[in-house]
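**Q** Submitted below is the structure of interest, expressed as structure tokens.
The values are calculated or read from the model by the stated rules, or taken from the named source; none is laboratory data. None of these values were measured; they are calculated from a predicted model. No Cβ is skipped: glycine too gets one built from the backbone with ideal geometry, and neighbour counts run over all protein chains shown.
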Amino acid sequence: MAELKKYLHHFGYLKVVVEEQDMMNFTDIFDENFEQALNNYQEKLGIPITGKLDIETISQIMSPRCGVKETSKFLHGTRHYAYFPDRPRWDRSIPITLTYAFSPVYIINSLRLEDIRGAFERAFGHWASVIPMTFLETNDYDFADIKIGFYTGEHGDYEPFDGVLGILAHSFLPESGRFHLDAAETWAVDFEVEKSKVAIDLESVATHEIGHLLGLAHTNDKEAVMYPSLKPRQKKVDLNIDDIRGIQALYGSNPNFKSPDILESDRFSSDVVDARKSLLSTWSVFILLGLLQLLCL
């Protein structure tokens with residue numbers, strides 16, 4: 001129970017009470033504070049809210065995941081996408097061009113560099129296809145907008161990695177550009193080649209973390225790229241409607257992006273609502289003028 005409390009505290013769900021200020025001294029008591037933390041966790045991750053350590057909740061906690069903490073702000077009602085506090089974004093003129101580079105020191109040798117580069121090129125491409133943004137690889141690591149590296153354990157940012165199938169990666173808010181992956185994972189670019197049962201798809205994790213680098217927080221839509229967990233040997237690289245809506249609300253749409261029917265339907269509904277509001281506002285002005293004329297008679 002103490003380990004579960006540490007986990008929920010780390011990701012922002014469990015408030016530390018006075019008796020447990022030392023993170024290494026959580027109790028094994030299933031108290032009201034812990035139950036509320038479970039409720040919050042289940043709600044954020046789209047799990048049935050039971051306040052209990054049921055099978056689905058334990059399974060989710062055991063799943064490999066992104067190290068970025070969930071945020072409670074900027075959830076959009078029935079829309080699941082979320083932003084970080086203060087809604088950070090890359091504050092540059094549209095269209096935006098960002099450069100990225102791989103650390104010449106913190107790199108892995110279990111994959112060929114050209115395969116790593118290919119996975120990241122595809123991952124950046126998923127986002128570039130829906131927003132007016134271009135990503136260019138550069139050899140100038142020190143001056144790149146986005147700096148990518150593979151690290152182990154404690155690596156200087158107070159967010160240590162924990163080995164195989166724990167925290168897979170983490171990245172930082174705009175415009176930090178720091179992107180760290182756990183070098184201890186069995187990274188894969190082709191599951192036909194990498195047969196390990198604990199293999200993690202590099203392109204999937206890269207696509208998710210780029211979403212954070214651009215300003216998206218975690219969603220509770222399990223089908224979205226921005227959902228926080230990824231199972232071994234799972235590939236999730238295609239942006240779904242939730243991902244697209246969230247990122248386009250920050251940067252607008254790529255002029256060449258062809259909206260899926262469901263996205264167009266949503267925008268049409270919004271336009272209708274705006275039109276109705278405008279019409280009601282116009283009629284309100286006419287009614288007010290009419291009342292003023294009556295008062296002047």
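**Q** Select from the stretch 177-199 the residues that are touching a Leu at 6+ places or on another chain (Cβ under 8 Å) and under 13 Å from G211 (Cα atoms) and write down the one among them that is surrounded by the fewest Cβ atoms within 10 Å (Cβ to Cβ).
**A** Per the stated criteria, the residue is G177.
**Q** Could you please let me know if S171 is modelled with pLDDT of 95 or more, surrounded by fewer than 16 Cβ atoms within 10 Å (Cβ to Cβ), under 27 Å from N240 (Cα atoms) and in the same structural domain as L214 (by TED's automatic domain parsing)?
**A** It is false that S171 is modelled with pLDDT of 95 or more, surrounded by fewer than 16 Cβ atoms within 10 Å (Cβ to Cβ), under 27 Å from N240 (Cα atoms) and in the same structural domain as L214 (by TED's automatic domain parsing).
Residue-wise test of (1) surrounded by fewer than 13 Cβ atoms within 10 Å (Cβ to Cβ); (2) at pLDDT 95 or above.
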| site | (1), (2) |
| --- | --- |
| C66 | no, yes |
| S72 | no, no |
| H76 | no, no |
| P85 | yes, no |
| R89 | no, yes |
| P95 | no, yes |
| V105 | yes, yes |
| R112 | yes, yes |
| D115 | no, yes |
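**Q** Pull out all pairs, ordered by first then second residue, where Cβ-Cβ is under 6 Å, the residues are six or more apart or on different chains, the first lies in the stretch 225-254 and is without any contact (Cβ under 8 Å) to a residue 60 or more places away in the chain, and the second is outside any loop (DSSP other than H, G, I, E, B).
**A** Short answer, once both residue conditions are applied: R233/A199; K235/D201; K235/S204; K236/S204; I241/I262; I241/L263.
**Q** How do the pairs read when you match residues in the stretch 43-64 that are in contact (Cβ under 8 Å) with a residue 12 or more places away in the chain and not assigned by TED's automatic domain parsing to the domain that holds D242 with residues anywhere that are surrounded by fewer than 17 Cβ atoms within 10 Å (Cβ to Cβ) and assigned to a helix (DSSP H, G or I), using Cβ under 6 Å and keeping only pairs 6 or more apart or on different chains?
**A** Every condition considered, the pairs that remain are I47/E56; G51/E35; G51/N39.
**Q** Report yes if E43 is within 22 Å of the chain's Cα centre (by Cα), acidic (D, E) and either at pLDDT 90 or above or not in a loop (DSSP other than H, G, I, E, B) (or both), otherwise no.
**A** Spelling it out, E43 is indeed within 22 Å of the chain's Cα centre (by Cα), acidic (D, E) and either at pLDDT 90 or above or not in a loop (DSSP other than H, G, I, E, B) (or both).
**Q** A further question on this structure: Inside the stretch 96-178, counting only strands (runs of 3 or more DSSP E) that do not spill past its ends, which hold 3 or more residues that are closer than 22 Å to V225 by Cβ and touching a residue at least 40 places away in the same chain (Cβ under 8 Å)?
**A** The qualifying strands (runs of 3 or more DSSP E) are 96-102, 146-151, 167-171.
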